[in-house]
C-alpha cells in the first residue's frame, strides 16, 4: 500500500486524521481517534515495560514540555537546532533544502555547509517546485523550536521541548538524590516533542507535534557493565559504515559478542542494541528481515554522538528503509553543557577519590512513526479477509464479545464483558451485523480473540451450557471454553513482555 | 499539613519538583518523578475506566494540542480567555486583579467589569504588594493563551490548547461519521492544557502546563435519557445557589431523584452528577463528608453554561474547599460557534424530519489538582507510622516483594516479582534495610500489599515451603500464601472500578 492509501484507510477507520479537520486541517498536526489512541497507548506501555524493565534502576518520569530559554541555550538548540531553508521570492513558499535537492542529492544535506547547499542549487539551476520560477533564495538556517512568551512582560522566553531528552538531563541531579546515588541511573520519558517543521510530510514521519519515548542512561564508563551474556549469541542485522561505503544496503548478521570483540563496540552499547533489536522483532513483531541497524558515520551523526546506530525498518508505504529509533552514545556532552549553563556542579562521586560527569547512552523511539510502521507491515490480506497481525499486547482490544443473537444473548454477553474487564482485560462488545462481519471487523483491527455467546451457552440441557466459543485471530481456530475459565485462560496473555532478565545497578557510592 | 510542607514532602520523596530545577525552576511548571508519574497515570486510567466506561458510546481520543487561530477565534478564546491584570509601574511586577483584591473581596472578581475592579483598587487605595508604592496600573485584560508561529513565514498563528475540550468539538463530525451516527456520543480526552497564568501559585492548582481529563457528551436534548434508576436513591452533597445565598457553606444531602423532581435539574445531568460523586468517593476515596457539589449561579458561570456544579473537596493544605472538577451543560454553544467559524454544517439528523446542533454536557477533571488532593486527604499518621490510604487501583506499586535476607532470598524474590509482572501486576522489588523499614516505606507510598520471601519459603522440610508472607497495608494483617496462589488471589484487585452499569446509545439515526 502506498502512503496516501494507507493514510486514507487509517483515516476512514478512525485511527487518525488531520487536526482541526473541519477548518481544513492543520499542517503536521494529527489527532488520534479511539483505535489509534488505544494502539498508541499500548505501544507506549510496551516500550516502557521493555526498556524501563531492563533494570530496576531505570525509572520513568513525566516532565513539563516547556523549557526556559537558558536550558535550550545551554543544550545548543537555540543556536544549532536548525534546518537549511530556502524560500521562493516569487510565490513565497518555504522549502527544506534537502527536499528541494532530493533528486540531485538523495542522500540529504547533512554535513554540508550553507555555501555548499547554495552551490548545489545554482549548479543544478533548481527552480521553485511550486511556481516554477528561478527565484529561490539562498539557503538560511531556520530554527525548528516553537517559542512562547512566559508571563505578562514578554521578557521571559520559553520553548516547547524539541525532544524529551533535555528534561531528563535537567532531572538527573534530583533523581540521583532521590535514588540511592548509584549509577547506572536510567531516566525514561514518554512525551510530546515539538518541531516547527518547514514542510511537514509523510503523515506521521515529520510532524510538528509528536510523541517520543526516550531513555537516558547515566553511567560511569569505567564501570558500566550490564550482563552482555544474556544476549551474547543474538545475531543482529548490522549495516556498518565500512559496508555502506562499499555500497551495501542490506545488513549482515553479526552476533552481539562479535560486535564487542571484533568491531570494538563497548559492551554496554551492544547490550542495549541487542535488547532494542529484540524489542522491534519480538515485542512489536516486525519481520526480522525488514529491520536493519544502520551505523551513522562521524560526519553523519551529531558531533557529540560517539556511536550511533539507527533502527530502520523497510516500509512499503514510504518506499524504503525508514528510521524508527536510534541509540546514541552521547558521552558527557549533555551534563557538561547543563553544568556550565546552570552553574550547578553535576559531577558525582563514583569512588572515594573519583568524581566524574556521568556519560549518557540515549535510546530513542518514535511512537507515531512506529504506529505507522506497524500498520504498514502488519496489515495483510489473506484471501478474502484483511488481517492485522498485531502483537497481543498491542491490540486496542484484547477480546471482543459477541451475542450470537442481539436480543436473546445480549445480557449474558454483557456479563462476560464485565467479567473480563473486572480482571483488567480490555474487552469490547459488538452486536452489529452477522458473526462473520464481526469477525472480519475484529481481524482488521487486530483483536486477538473473539468470544461468542450463543443458545448453547444459555441452555442448561445442553452439554455446552455455560461455555462460549473462543476464536483465535491468526489461526481462526475455535474452541468451547467455560465462562468461568475464560479469565484464567486468557488473563496473562496481554501484558507487555519484559526483557528476559533485569539487572541491578552497581553498588551505591555512599 | 500546610501547602509548603506538603510540597516539601512530595518533592523530597521524588513525586514532583519544579521544572528546570537546576536553573532555579520555571514558574508554574512541574516535573513528576517516578512515583508522581505512576500515581498520575493510575489516576488518569481510573478516570477513563469510570467515565468512558459509563457508555459503550463514549470513546477516548488523543488530539494534538496546538490549535490554529481560526479555532480559538471561533471558540471565543482569542477575545475572552483573559484574566484582569494590573502591573506596578514602579517595580514592573504583574498581578492578577483577584489576587490583589483578595483581602477586600475574597469572593473574587468574576462578573465584575474592568471599571468596577479599577474602582475597588482606588477605593481601597491598594498599593503594590511587592514594592509598596501606590503605582498600580488600571486593570486590563491579559490573554492566557500561549501563541506560537507555525511555519517559516510567521503568518500562520497557532495556540497551545487552553483546554482539551476544543479538540473534542473539532473531532465531533469525524467521530460521528466513523461511529454509527448515533447520539449520545461521548468524546474523552486526557491531555495537556496550557495557560500563561499571570501569577502561578498553589503548586498544582494554578500551573502553566497541566493535565485535564474531560468528557464531552454530544446529545439530542429531546431524547437523552441515561438510566437514572441506577443512581436515583444516591444522596449527593449539594450546595445550591439558594442555600449559598442564605449563607450556607456546608452541603445538604439530596437524593438524585429529588434533584430531578424537586429542583428541576435534567435527568441526564443528575445521572452524570451522581456518577461523578461516586467516582470521587468510591474510586478516589475522598471522605464523603469532605466533598461538596457547588452550584454556580448565572452570574458566576460562563454565559454559555446553562447548569454548572463544581466538585469541591476540603483540603487542609489550602485551607478550604477547592475545585477539582465540574459538570457543565453547555447547550449548543460549542458546535454552533465552530459551524460558524469553519463554515461546515455541524447539524445532525436525529429524526427523519429533524436536524439539530447537538448539545454538550462536559465533565471536566483536573488531574494534577486531584493528585495533590489525594496526597492532602490520604497521607495520615497512625502512631509511629505514616500511611497513605490510596485506593488499590491508584497505588504506584500494587505489590512490593522483599527478600528477608538480601543475598539468600534474592533469587526467589525476583522470581516472584517476575511472576507478578507477567500477570500484569505492578510489582517492585525492595531489599534495602530492615523489613520494618521496608514496610514503612511502602506504607508511605500507599503500596497495598507486601510479600516477603524468607527461609521457610525455601526450606522443603518446612510446612511453609513454597509460601510467602502476604501483608495488607491498612490492617497490617499477615498471612502465608503459596507463591502458586499469589496471582490468583491478588490478580483482580488492582483494575480500576467501572460504573455499575454502562448504557447504550439510542437507536441509530440512519
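The values are calculated or read from the model by the stated rules, or taken from the named source; none is laboratory data. This one's a predicted model, so the numbers in the text were calculated from it and none came from an experiment. We place every Cβ from the backbone using ideal geometry, glycine too, and count neighbours over all the protein chains shown.
Things worth noting here:
- Within the range A:192-204, the residues that satisfy the criterion of being more than 9 Å from chain B (Cβ to nearest Cβ), at pLDDT 90 or above and out of contact with any strand residue (DSSP E or B) (no Cβ under 6 Å at 6 or more places or on another chain) are A:195, A:204.
- Residue match in the range B:413-434 (condition: surrounded by 14 or more Cβ atoms within 10 Å (Cβ to Cβ), more than 14 Å from every other protein chain (Cβ to nearest Cβ) and in contact (Cβ under 8 Å) with a residue 24 or more places away in the chain): no
- Residues (closer than 25 Å to residue A:13 by Cβ, touching a helix residue (DSSP H, G or I) at 6+ places or on another chain (Cβ under 8 Å) and outside any strand (DSSP E or B)) located in the range A:433-475: A:433, A:445, A:446, A:448, A:473
- Failed criterion for residue A:108 (all others in (1) part of a loop (DSSP other than H, G, I, E, B); (2) at pLDDT 90 or above hold): (2)
- Residue match in the range A:378-397 (condition: touching a residue at least 40 places away in the same chain (Cβ under 8 Å), under 30 Å from residue A:291 (Cβ atoms), touching a strand residue (DSSP E or B) at 6+ places or on another chain (Cβ under 6 Å) and within 14 Å of chain B (Cβ to nearest Cβ)): yes
- Within the range B:277-290, the set of residues being under 15 Å from residue B:254 (Cα atoms) and crowded, with 23+ Cβ neighbours inside 10 Å comprises just one member, B:277.
- The listed residue being more than 17 Å from the chain's Cα centre (by Cα) and without any contact (Cβ under 8 Å) to a residue 24 or more places away in the chain, out of A:154, A:186: A:154
- Of the criteria (1) closer than 27 Å to residue A:305 by Cβ; (2) within 14 Å of chain B (Cβ to nearest Cβ); (3) touching a strand residue (DSSP E or B) at 6+ places or on another chain (Cβ under 8 Å); (4) buried (at least 18 other Cβ atoms within 10 Å of the Cβ), which one residue A:109 fails: (2)
- Tally, over the range B:85-98, of residues that are away from chain A (no Cβ under 13 Å) and under 25 Å from the mean Cα position of the chain (by Cα): 1
- Matching residues in the range A:143-154 - criterion: being in contact with a strand residue (DSSP E or B) (Cβ under 8 Å, 6 or more places away or on another chain), under 17 Å from residue B:85 (Cα atoms) and assigned to a loop (DSSP other than H, G, I, E, B): A:151, A:152, A:153
- Qualifying residues in the range A:330-360 (those that are in contact with a helix residue (DSSP H, G or I) (Cβ under 6 Å, 6 or more places away or on another chain) and within 30 Å of residue A:281 (Cβ to Cβ)) - the one surrounded by the most Cβ atoms within 10 Å (Cβ to Cβ): A:334
- Pairs linking a residue in the range B:472-495 that is away from chain A (no Cβ under 11 Å) to a residue that is at pLDDT 90 or above and part of a loop (DSSP other than H, G, I, E, B), with Cβ atoms under 6 Å and 6 or more positions apart or on different chains, are B:473/B:448; B:480/B:464; B:482/B:466; B:483/B:466.
- Test for residue A:177: is it over 27 Å from residue A:370 (Cα atoms), within 14 Å of chain B (Cβ to nearest Cβ) and surrounded by fewer than 18 Cβ atoms within 10 Å (Cβ to Cβ): yes
- Residues of the range B:16-33 that turn out to be assigned to a strand (DSSP E or B) and facing another protein chain (nearest Cβ under 7 Å), as a count: 4
- Within the range B:37-84, if we keep just the residues that are assigned to a loop (DSSP other than H, G, I, E, B) and more than 8 Å from chain A (Cβ to nearest Cβ), the residue that is surrounded by the most Cβ atoms within 10 Å (Cβ to Cβ) turns out to be B:57.
- Residues of the range B:149-168 that turn out to be at negative phi and either away from chain A (no Cβ under 14 Å) or surrounded by fewer than 20 Cβ atoms within 10 Å (Cβ to Cβ) (or both), as a count: 6
- When A:247, A:186 are screened for being outside any helix (DSSP H, G or I) and either within 30 Å of residue A:5 (Cα to Cα) or in contact with a helix residue (DSSP H, G or I) (Cβ under 8 Å, 6 or more places away or on another chain) (or both), only A:186 passes.
- Selection within the range B:225-244: residues that are at pLDDT 95 or above and not in a helix (DSSP H, G or I). The member of this set that is surrounded by the most Cβ atoms within 10 Å (Cβ to Cβ) is B:236.
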